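Here's the structure, in structure tokens; my notes come after.
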Amino acid sequence: MNTGATPSGLRAWLLADAPHSRVQARLGQAYAAWRAFLGNPLALIGLGIVVALIVAAIIAPVLATHDPFAQNLDQRLLPLGPDNWLGTDELGRDIWSRIVYGARITLAIVGLVVVIVAPLGLLVGTASGYFGGWVDVAMMRMTDIFLAFPRLILALAFVAALGPGIENAIIAIAITAWPPYARIARAETLTVRNSDFINAVRLQGAGPTRIVFGHIVPLCLSSVIVRITLDMAGIILIAAGLGFLGLGAQPPSPEWGAMISSGRRFLLDQWWVATFPGIAIFIVSLGFNLLGDGLRDVLDPKSQ
């Protein structure tokens with residue numbers, strides 16, 4: 001198998017109309033998707049914002065100019081300047097440093113919620129769509145109950161029951177975020193469960209577990225990935241809302257919603273205290289939305 005010694009030869013191998021192996025076919029699909037993604041400038045901007053968030057979270061000690069927890073009442077509510085790039089808050093803490101460290105909290109919340117809700121939604125949706133009958137009715141009615149309430153209101157109810165704190169906020173957001181993934185997985189499963197290739201696998205002796213996890217779940221992944229990326233902005237906003245209300249990350253954690261809450265008292269005179277955390281939330285949410293739109297155009301077979 002000749003992959004070609006030059007970039008043009010490798011490109012031709014990846015884009016071959018008749019791949020000679022499964023690996024070549026998958027690499028070719030990935031390369032074609034990446035080329036299509038590169039043709040979307042807004043998606044590239046979104047990817048850049050998300051990558052910047054991840055890098056800022058990883059190297060926060062390098063980017064921060066001050067200790068994000070150190071209080072200095074002599075330096076409280078200072079405006080933007082060379083020593084404090086984005087000013088200081090009511091306790092004299094550097095806002096830039098707190099925003100940078102807050103990227104870690106935001107990324108942790110998003111990551112943990114996704115790790116919980118994506119497998120749960122896939123499991124419920126694929127099982128409901130494949131087995132049908134009373135399993136489908138029971139699971140979908142439970143899903144409808146969760147969808148009947150606004151996510152923020154339902155998350156507030158769960159946090160109020162569990163108690164304030166970032167761990168309980170993550171659990172509450174995850175409990176309220178899985179139903180859309182279940183709906184998507186069920187719809188995808190219903191379209192393929194009676195397909196010829198599923199019937200062929202069934203005739204070969206494959207059981208329901210193997211069919212669901214080996215054949216149906218991989219077909220649902222692209223739609224779920226797009227939904228996850230688009231949903232991350234909502235997760236960030238709900239986490240910030242819980243922090244704003246004092247039910248999320250607790251002081252002195254540099255969580256962006258909590259920073260806005262503490263700075264709203266000074267919004268008219270010391271506007272920077274609440275404005276810059278709000279701008280951080282806006283930029284990161286926009287980045288995830290742009291990235292999600294780009295992935296939808298690339299991964300959604302209905303748009304091709």
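Out of (1) in a helix (DSSP H, G or I); (2) farther than 30 Å from A157 by Cβ; (3) modelled with pLDDT under 85, the odd one out for F276 is which?
Condition (3) is where F276 drops out.
Taking helices (runs of 4 or more DSSP H) that do not extend beyond the range 22-133, which have at least 2 residues that are crowded, with 19+ Cβ neighbours inside 10 Å, in contact (Cβ under 8 Å) with a residue 24 or more places away in the chain and not aromatic (F, W, Y)?
So the answer is 41-58, 95-131.
Any idea which of (1) farther than 20 Å from L44 by Cβ; (2) touching a residue at least 12 places away in the same chain (Cβ under 8 Å); (3) of a type outside the set (D, E) is the one I279 doesn't satisfy?
Failed condition: (2).
Inspect all residues belonging to the range 206-226 and state whether any of them is surrounded by fewer than 24 Cβ atoms within 10 Å (Cβ to Cβ), among the charged types (D, E, K, R) and either in contact (Cβ under 8 Å) with a residue 60 or more places away in the chain or in a helix (DSSP H, G or I) (or both).
The answer is yes, given that some residue of the range 206-226 is surrounded by fewer than 24 Cβ atoms within 10 Å (Cβ to Cβ), among the charged types (D, E, K, R) and either in contact (Cβ under 8 Å) with a residue 60 or more places away in the chain or in a helix (DSSP H, G or I) (or both).
Per-residue answers, yes or no, for (1) touching a Pro at 6+ places or on another chain (Cβ under 9 Å); (2) modelled with pLDDT of 90 or more; (3) of a type outside the set (S, T, Y):
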{"residue": "M1", "(1), (2), (3)": "no, no, yes"}
{"residue": "P19", "(1), (2), (3)": "no, no, yes"}
{"residue": "L53", "(1), (2), (3)": "no, yes, yes"}
{"residue": "I58", "(1), (2), (3)": "no, yes, yes"}
{"residue": "L73", "(1), (2), (3)": "no, no, yes"}
{"residue": "G87", "(1), (2), (3)": "yes, no, yes"}
{"residue": "G92", "(1), (2), (3)": "no, no, yes"}
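Quick test of your reading of the structure: T176 fulfils all but one of (1) buried (at least 21 other Cβ atoms within 10 Å of the Cβ); (2) not in a helix (DSSP H, G or I). Name the failing condition by number.
T176 satisfies every listed condition except (2).
Of all residues in the range 185-197, which are surrounded by 19 or more Cβ atoms within 10 Å (Cβ to Cβ) and either modelled with pLDDT of 85 or more or assigned to a helix (DSSP H, G or I) (or both)?
Once the filter is applied, which keeps residues that are surrounded by 19 or more Cβ atoms within 10 Å (Cβ to Cβ) and either modelled with pLDDT of 85 or more or assigned to a helix (DSSP H, G or I) (or both), the range 185-197 yields A185, R186, E188, T189.
Could you list, in sequence order, the residues of the range 197-248 that are under 13 Å from I173 (Cα atoms) and of a type in the set (V, I, T)?
If the condition is that a residue be under 13 Å from I173 (Cα atoms) and of a type in the set (V, I, T), then I235, I236, I238 are the ones that fit.
Somewhere in the range 188-205, is a residue under 24 Å from R296 (Cβ atoms), out of contact with any helix residue (DSSP H, G or I) (no Cβ under 6 Å at 6 or more places or on another chain) and small (G, A, S)?
Yes, that holds for at least one residue.
The values are calculated or read from the model by the stated rules, or taken from the named source; none is laboratory data. Keep in mind it's a predicted model, so treat the numbers as computed, not measured. Please note: Cβ atoms are built from the backbone with ideal geometry, for glycine as well, and neighbour counts cover all protein chains shown.
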